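Just so it is clear, none of the values below were taken in a lab; they were calculated from the coordinates. Bear in mind that the values here come from a model prediction, so they are computed numbers and not experimental data. All Cβ positions, glycine included, derive from the backbone under ideal geometry; neighbour counts span all protein chains shown.
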């Protein structure tokens, strides 16, 4: 973020329009909230206006209402105001929280669509900030922005017509000038600074979250490398930067608020002076002047609420822009729905080429094939494209040239869910959820029996370790903290693959984090499984290739079959 100016990709109007479109069928509740809010504010004004009517009547103004009716109407307006205010706030927050649930669902859906290719380049802390603080900021828009704007327009129009037709058009047009200045001119003038500081604050907040989360997750390595002081200094630097942006944003908000209050005071004084002048020249009675001035004074509330919106809207725009960017982002591949279904028998790859950036070729004219009952080994140094090749076999990325055919059907025509049912991959790092070991295993097969779980874990050489834990398969992974080694996590990932039972298993360095004894057990289990399925085994270790029926050597983006 340092030295880089943060800008919104969309204008504030486009962001607001996009967020409003999300209302959908909830629009009728928003309309109800606006009606309740408008009538409720008019009722609040009615308390003071009827008080002014009583004063005007006491000053000799001809008022048809008796004092009893005036008092009764003032009290009735107060009671009705409270009731309508409750329904307005209930409606607004009902919409807000309902839409937040919908929005979170959309974000998780977008993340699912972008996963895994597009998420590899995104900071996890930034995503967490988006689905927590950014979403909460959007709640302000639905609960405290749309309704106040509509209420201000309706109330201002009603007061303008009432003062104009019943009392004085001079004061009515002076009130309109005040509404325009307070509700439009002042916010526009102050929004420039507020917008820039708001966007910078949200960007720094997301950056700080991402860095701090990385620091917490990597605390063990930080301590082992005695890098705590340097990390602390960077956290403090980023914290100071965030504090600086917070102060700047608050300073600009305070200035905008002060400008609004000053403008309101000036128009109150102007309305009072205008009323006195009209009375002086017999253009208005003193009673009507009092009623008009009180009505205009009381009507500034909704437009003051609008003038305070830019401070909140800058946060809303920044958060909304980030969320809309994610929802609009195109995935690396388009999911194939209603495509062809297969039951895996063989794989043929011909002329496969791929590049991440469209320029540097990661894979060039790859040819390979695999049959059920074979273990295919792919060996090569790190960075030669082995892992990328496996990802292309699962269609995590879109191939550029060539063909990846399962049972003679190109991968781009196979239904995505069906492909993932037939092919599974164990990557170098296995993520374990903060649940029990059993629940982590059941991700692969939710209805698996206990016997199936144990059988898969024995094949992965992890069953004996699990049984040494106090609660066995019911042990909470979170309770273990970092006590699970990388090798143990990797073997649980391998057990998942065995449990799922896919006919093609892709293994990316499956024994990189285990000792030679456990490697031997795992390789023996893989060899025993080959009669039922195909296994593509990627490793930089030559020793791992001992069980392979055929071996391909990867080098500089190319793969050549070598004699075993």
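The table that follows gives values for the structure above.
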| item | result |
| --- | --- |
| Acute angle (nearest 10 degrees) that the helix 27-58 long axis makes with the longest principal axis of the chain, alpha-carbon atoms | 20 |
| Viscosity 0.890 mPa s, temperature 25 °C, Stokes-Einstein D of region 198-269 from Kirkwood C-alpha radius, µm²/s | 167 |
| Cβ-based exposure ranking for 473, 67, 201, in which fewest neighbours within 10 Å come first | 67, 473, 201 |
| Two-decimal ratio, region 287-349, of alpha-carbon radius of gyration to 2.2 N^0.38 Å | 2.72 |
| Region 430-483 versus region 493-564: alpha-carbon centroid distance in Å | 22 |
| Convex hull of Cα atoms in region 417-493, direction-averaged projection (nm²) | 5.3 |
| Mean shadow area of region 346-562, taken as a quarter of the surface of its Cα convex hull (nm²) | 11.9 |
| Alpha-carbon spread of the chain, three principal axes, descending order, Å | 112, 49, 48 |
| Translational diffusion of region 130-176, µm² s⁻¹ [Kirkwood Rh, Cα pairs; Stokes-Einstein; 4 °C; 1.567 mPa s] | 102 |
| Percentage relative contact order, the chain, counting C-alpha pairs under 8 Å, at least six apart | 16 |
| Computed helical MRE - 222 nm, the chain, DSSP H runs ≥ 4 contributing -39500 (n - 2.57), nearest 500 | -20000 deg cm²/dmol |
| Unit Cα scatterers, Debye sum, region 12-328: log10 I(q)/I(0) for q = 0.09, 0.16 Å⁻¹ | -0.60, -1.28 |
| Theoretical FRET efficiency, 1/(1+(r/R0)^6), r = Cβ-Cβ of residue 28 and residue 93, R0 25 Å, to 0.05 | 0.95 |
| Estimated inter-spin distance, residue 515 and residue 335, nm [label 7 Å along Cα→Cβ] | 4.4 |
| Hydrodynamic radius (Kirkwood) for region 24-81, which is based on Cα pairs only, to one decimal in Å | 12.7 |
| Fewest-first sequence of 463, 93 by Cβ atoms within 10 Å of each Cβ | 93, 463 |
| Convex hull volume per residue for region 511-564, taking Cα atoms only, in Å³ | 88 |
| Ascending count of other beta-carbon atoms within 10 Å, so fewest first, for 200, 530 | 530, 200 |
| Acute angle (nearest 10 degrees) that the helix 516-529 long axis makes with the longest principal axis of the chain, alpha-carbon atoms | 90 |
| Scaled radius of gyration (Cα, divided by 2.2 N^0.38 Å) that region 304-405 gives | 1.73 |
| Additional length obtainable on full extension of the chain from residue 62 to residue 458, 0.36 nm per residue less Cα span | 132.9 nm |
| C-alpha long axis of helix 169-180 to longest principal axis of the chain, angle in ° | 20 |
